[in-house]
Amino acid sequence: MAVQQQLDAVLSAVGQGVLVLDSDFRVVRLNAAGHRLLDMPMALAEPGVPARDLVWHCAERGDFGPGDPAELTAEFLALLTLREPQAFEHHRPDRRLLTVRSQPVAGGGVVLAYSDETDFRHAVDDLHAANSTLERSVGDHAQTIARLSAAVEAVNGRVEEAVRDKARTLDLVNHALRAAAGSLHAPARALLAGPLGPVERGHVGDLLRSLDSLRLILDDLGDLVRLESDEIRLLDSPFTVETVVGSALTALGEQAEERDITLLAEIDPAVPATVVGDAAWLRHVLVELVGRAVRDNHAVDITLRVTPAGLPDGRQGLRFAVGDAGPDAAEELRAWLTQGVPPLDGALRRQGWRGLGLHICRRLVGLMGGEIGEEPGPDGTRVLWCTAALPALAEEPAAVAERPPLTILVVEDNPVNQRVNAWLLRKDGHRVAVVGDGREAVDLAARGGFDAVLMDLDIPGLDGIAATRAIRALPAPQGAVPIIAITSSALPDDIERCRAAGMDDHLPKPVNPAALARVLDRLTGPASGAAAAGDGAGGAAGDGTDGMEGGFDGGVLGALEAVIGRGKVLELVGDFLAHARDVEGQLAMARDLMDPTIFGAVTGELKTMAGTVGLTGVYQSAVALERAVRNGDEEAIDAQAALLARQMAAGVERLRGQWAQ
């Protein structure tokens, strides 16, 4: 009796419905939870009631779905006769779902456990529905994001194209204005040489000063084009602070003398002698700041002070402060810093506003990791300052091998640029001749005796492109002298024009001293094959080479010799020389026929062969010719093919002289 009571207590306590049937499938016990879940009349749940009556009742009211109640009852009871556990579902008419699990009992009988799964199933269904909705939403969002991304990409493409168009337009305007200003400059100077009265001479002097101011504005415009085109890449090259400061002050020496101003420099002893950065663009910023102080100053001295400085990002750098500036220069700089593009009125108009220069300096200083600003100075003056991240050189560079100085022709009509370029070259011990006209440059180059030519593109008379073509038409060695373009434009089309005209390399304005030294060393050093000309003036290469694009890298074959031995290198060079005759013949045929297929075969073969034997100039010209053929530009094809033929001839002679058996 106690056991029966305990069993009744347990069955009453459990949350599941429990139906116990004996071996004759009669009701033994149905607990309270079972009554609630099955919603049975009490008479059917009494002990001893046949299970058939109970099951029939459920089937008749539709718990097992549509069908004959007799058949549904028979099927259910057949499951109970199986002597193994079963699991099935019981759907109530009130849409509640019961899961049923049967467990046979040893000695006969079966226990059925009922669980209400309605809420769980609804939750699962809701979860599936929510998941489907989420998947659709994610898919819709993905499509929306894809459409937005495509739209943003299209807008970015249009913006980038607009920026490129603006850069090209500004560049065209710049070149057109330079050409117009250049055509006025020479006649105006010629007028000064003639018999003029004081008034007329004053007018011509005003005209020349206006032209010089215009050229400065055009220089700023050229720099702005490069900034807008994202073509300015700052170098990380070692340079001495004293050299850059001295160069900046030298460039402004004439202006200062006209105003009876002495330019001074004070470099703190704590400033490293050699730092790493871009010397040319730093000089550009210093010239702009010092120049503004000179134009807006009535003091006797202007001092450029250099001190160590901590930068906002925690790095160490240098601070360049221009003292004794006037209020108008400070007002203009302050206006740029606080208002963006300030209105052109008041003092800005009186001083001959050149806002592009400050805009460019602000951008450049930002690229250098620094800041620019102004602050009060002594006696009511203002101080213009900037900072830049210029770390000290970790170790001194290896000593450069001593080599003879060069004789260099500088073709530049701007007096300031003439002095700066000449100073940079003479500082390194080179001899310099300066001319300001393209025709004069051709005449001087024809006399020979030059190791290299620095050619400005925007010069009166013949421009730099035409002057280069005229020099290249001269017989060797005069026509083979290395020519370096000095250009305010870094647009790819202009660089390609320089190469097509026969120039060996190009340097952007302002000239970077380290970059200039590297280019000269590459084009005229021992690896280029340059030697003194027969006139003993230290002129152009006597072996007929023009050193284009670096021309020849002797280190390639030297490195091969160290690995495979001189005998193998000689065999390699011999194979190239034997094959070069066929390639030269194919190139000549392609030039005669202007046949793209033959050009393609020649350039493909030369790109493979030339680099192996160190003819880097041949390789680069083959690439340029291949590009011209692809673009279908017959003028560029002819120029590049002629350039490639000259380089092939020079390269073959160099290899024969140095490596042939």
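The values are calculated or read from the model by the stated rules, or taken from the named source; none is laboratory data. Values in this document were obtained by computation on a predicted structure and should not be read as measured data. Note that we place each Cβ from the backbone using ideal geometry, even for glycine, and neighbour counts take in every protein chain shown. For accessibility, only protein heavy atoms count, side chains too; no ligands or nucleic acids. Shrake-Rupley method; radii C 1.70, N 1.55, O 1.52, S 1.80 Å.
Annotations
- Surface accessible to a 1.4 Å probe, residue 56 within the full protein complex, Å²: 90 Å²
- Computed across segment 2-116, the Kirkwood radius stands at 14.3 Å (inverse of mean 1/r, all Cα pairs).
- With a Förster radius of 56 Å applied to the beta-carbon distance between residue 46 and residue 141, the computed FRET efficiency rounds to 0.35.
- Length gained on full extension, residue 653 to residue 439: 73.9 nm, using 0.36 nm per residue less the C-alpha separation.
- Three-way shape label, segment 227-295, alpha-carbon gyration tensor, a/c 1.5: oblate
- Inter-centroid distance (Cα atoms) of segment 10-65 relative to segment 69-120, Å: 10 Å
- Here the 3J(HN,Hα) profile of segment 122-127, calculated from phi with Karplus coefficients 6.51, -1.76 and 1.60 at θ = phi - 60°, is 4, 4, 5, 4, 4, 5 Hz, Gly and Pro shown as x.
- Counting only protein chain heavy atoms and rolling a 1.4 Å probe, the accessible areas of 374, 161 rank, largest first, as 161, 374.
- Residues whose placed amide H lies under 5 Å from that of residue 432, excluding near-sequence neighbours: 408
- For segment 573-599 versus segment 364-393, the spacing of their alpha-carbon centroids is 58 Å.
- Charge sum, other residues only, whose C-beta stays under 13 Å from residue 75's C-beta, Lys/Arg counted +1 and Asp/Glu -1: -2
- Sites residue 235 and residue 627, calculated FRET efficiency, Cβ-Cβ separation with R0 25 Å, nearest 0.05: 0.45
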